[in-house]
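Take a look at the structure set out below.
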Amino acid sequence: MTYLTVIGEQNQNTSQFRDKVTLDAVVPLRVGYRYQKPEGGFFFRIGYTPFISLDFNNEGFRKFIPLWGGISLGKSF
């Protein structure tokens, strides 16, 4: 996912505001497991989804965010 960010920035000398546009990207990764019987019934899944944030305006700055995941429980029929 790539997105543009527009931030209002104030000049310290003149107190004027100007827009600062940055180009960022988020690269999601996913590792998971799903257990489900073919005939239906109880199922669960667990996933680990870290992502990498890239800032193209800050000399290729990369930030790894490892704490993201989830658990699902349910019944299939």
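Read the figures in this text as sums done on the coordinates, not as results from a lab. The model shown is predicted, which means the values in this text are computed figures rather than measured ones. Methodologically, a virtual Cβ is constructed for each residue, glycine included, from the backbone with ideal geometry; neighbour enumeration extends over all protein chains shown.
Computed extension length for Phe77-Asp55: 3.5 nm, one decimal, from 0.36 nm per residue of separation with the Cα-Cα distance subtracted.
Taking a Cβ cut-off of under 14 Å around Arg45, the surrounding Lys, Arg, Asp and Glu residues balance to a net charge of +4, with basic ones at +1 and acidic ones at -1.
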